[in-house]
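Participant: This is the structure I have questions about; it appears just below.
The values are calculated or read from the model by the stated rules, or taken from the named source; none is laboratory data. This is a predicted model, so every value here is computed, not measured. Here the Cβ is made from the backbone with ideal geometry for all residues, glycine too, and neighbour counts use every protein chain on show. These area figures cover heavy atoms from the full protein model, side chains too; ligands, DNA and RNA do not enter into them. Shrake-Rupley method; radii C 1.70, N 1.55, O 1.52, S 1.80 Å.
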Amino acid sequence: MKRKKFDDAELNITPFMNLLVVLVPLLLVSAEFAKISIIDLKLPEGRGSQTSKAVKKRPKEEENKLLLTVIITDSVLTLGAKGGFLPSLFYQEFHKYIPKEGGEPVTVKYDPKDPEPPTNAKTGKQFTIHERQEILLYACDDEYKDLHKVLYNSYGEMITDADGRAITEVEVGDSVYALSNPRRVVVVKDKSEFELRPVSVYDELQNRLMKVKDRFQDAEDSDDVIIAAENQVMYDKIVQIMDAARVADFPNISIAKLRG
């Protein structure tokens, strides 16, 4: 029998190359890459979690700092520091308008879900931002229903006891304190000079800041306060918080953005 002779033929790799051209980008797109992050973590001491080289103390520059911070959102104000936080102040917001055409001031409750300004009953037009005179914040319960009320004097000053706690009643002969800096002692002579009013969040913030100032006078940053606000917080509220901080002897004020 005669054997068939086969001529040598070149291998056609074009289809294979076409496959790689399609497959490689597809694999790259679908691949998951590992992400590396570094967490600065200090575990509790005395439990076998610390190495001999672990830092045992805070840096000296941070040991005596208070890091006082006022956190403000569209419905809550909280005062905190390095050691923790005071109970939050839930509040209802009211806007006071003075019509350009004259007439009585108008105070309306502000609803963050319906931020449109109210209508001027005289002109039938909405009030403008230039007619808004003041933003009032009144402390309320955590369900945003009932306003908290305390005593104010005829000068509009909140009344507290010797420990700085707001009070709701007095008797003739009592010695109480008007919220000023320094606090002013008032001897009650006539109970009619005092009135229960909704608690201004700005007043209570000033009250708390003054107590913090008295207690931590030796802190390295005893003149400093940080105001951290959400994006939607109106600047008018931040300005009034700054005013309360200055009255409480915190002249160094920093503004920060509160991250969600």
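Participant: So, of the residues in region 139-155 that are surrounded by 12 or more Cβ atoms within 10 Å (Cβ to Cβ) and of a type outside the set (A, V, I, L, M, F, W, C), which turns out to be modelled with the lowest pLDDT?
Facilitator: Out of the qualifying residues, it is TYR144.
Participant: With respect to ILE98, is the statement that it is in contact with a strand residue (DSSP E or B) (Cβ under 6 Å, 6 or more places away or on another chain), farther than 15 Å from PRO198 by Cβ and open to solvent by 60 Å² or more (accessible area, probe 1.4 Å) true?
Facilitator: Yes.
Per-residue answers, yes or no, for (1) under 26 Å from the mean Cα position of the chain (by Cα); (2) open to solvent by 30 Å² or more (accessible area, probe 1.4 Å):
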position	(1), (2)
GLU157	yes, yes
GLY164	yes, no
ASN181	yes, yes
VAL185	no, yes
LYS191	no, yes
ASP203	yes, yes
SER222	yes, no
ILE227	yes, no
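Participant: For residues in region 211-236 being part of a helix (DSSP H, G or I) and among the acidic types (Asp, Glu), which is farthest from LEU136 (Cα to Cα)?
Facilitator: Filtering region 211-236 for residues that are part of a helix (DSSP H, G or I) and among the acidic types (Asp, Glu), the one farthest from LEU136 (Cα to Cα) comes out as ASP214.
Participant: Looking only at region 168-195, how many residues end up being part of a loop (DSSP other than H, G, I, E, B) and of a type outside the set (Lys, Arg)?
Facilitator: Looking only at that region, the number is 13.
Participant: Given the conditions (1) buried (at least 18 other Cβ atoms within 10 Å of the Cβ); (2) in contact with a Ser or Thr (Cβ under 8 Å, 6 or more places away or on another chain), which single one is not true for LYS125?
Facilitator: It fails just one condition, (1).
Participant: Scan region 231-246 residue by residue and report those that are exposed (fewer than 15 other Cβ atoms within 10 Å of the Cβ) and touching a residue at least 60 places away in the same chain (Cβ under 8 Å).
Facilitator: Correct list: GLN232, ASP236.
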